[in-house]
Each structure stands twice: as C-alpha cells, then as structure tokens.
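Okay, structure first, notes after.
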Amino acid sequence: MSLNVNLIGPSPWGFRISGGRDFKKPIAVSKVSAGSKAEVADLRPGDVILEINGQGTADMLNVEAQNKIKTSKAQLLLTVDRQVLFPLSHWSLSPCFQRVFQNSLLGCQ
C-alpha cells in the first residue's frame, strides 16, 4: 500500500534508512526514534521509501537519499510503500485447518 508521510520541520527527523542503488536494495526505513517527528507522522521501520519530496528513489545511492533528507529543513514529504499484515484471527479458517494450524503451533502430530 502506497501512502504519503508528511513530516513538519525543522530537522532532525528521527529515522534511519538502509538500502540504495549501491546496496542493490530499495531505500527503506530501518529505525524510527521514539518520540521523534518521524514517529509522530507514523513512519515505520520496514517502510520502503519510493519518493523523497517528489523525487523517485529507485536509482538513488544511499548517500544521495540521506542528503535529500538532511537538506529538507521545514518539511519532508515521503511517499512510502507499506506492507499491511492482517492477524490470523481476521481470516475465516475451516475447522479442519484450524485444528491443523493449532496442532502445528503446539508441536502436536
């Protein structure tokens, strides 16, 4: 799911990134500091950063992304891709599958 995360400055923003063209991985949020502007804006570890202030990150080196983030003074707009995971309890499972699943969790045969 793609969404915009708007952080209101000034920096520091309170998050770290990993990845980049030089690492052959997408740029992603690796850490969000507690109480930071990033946490208040609901940026989460694991979010893949698709755009920084409207500029695509697909071909950015890690240091280029860091510099884009650091030079944003009053506002930082990130477009991120976030995986949405649903708890197993929200799924409708057949009683047979439920028993198999519960037995596997308990280590039963």
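The values are calculated or read from the model by the stated rules, or taken from the named source; none is laboratory data. Predicted model only: the values in this text are computed from it and were never measured. Because the Cβ atoms are built from the backbone with ideal geometry, glycine has one as well, and the counts that use them run over all protein chains shown. Surface areas here come from the heavy atoms of the whole protein model, side chains and all, with no ligands, DNA or RNA. Shrake-Rupley method; radii C 1.70, N 1.55, O 1.52, S 1.80 Å.
Couplings 3J(HN,Hα) for segment 18-24, derived from phi with the Karplus relation 6.51 cos²θ - 1.76 cosθ + 1.60 (θ = phi - 60°), are 9, x, x, 4, 5, 9, 6 Hz, where x marks Gly and Pro.
Applying the Karplus relation 6.51 cos²θ - 1.76 cosθ + 1.60 with θ = phi - 60° to segment 40-52 yields 3J(HN,Hα) values of 4, 7, 6, 6, 10, x, x, 4, 8, 8, 8, 9, 10 Hz, where x marks Gly and Pro. Accessible surface for residue 1 stands near 120 Å², nearest 10, in the context of the full protein assembly shown (1.4 Å probe). Between residue 58 and residue 33, the contour length at 0.36 nm per residue exceeds the alpha carbon distance by 6.5 nm.
Annotation: amide H-H contacts under 5 Å for residue 50 (H modelled 1.01 Å from N, sequence separation of 5 or more, or interchain): 79, 80, 81.
Between residue 44 and residue 6, the modelled labels are 2.1 nm apart [label points 7 Å from Cα along Cα→Cβ].
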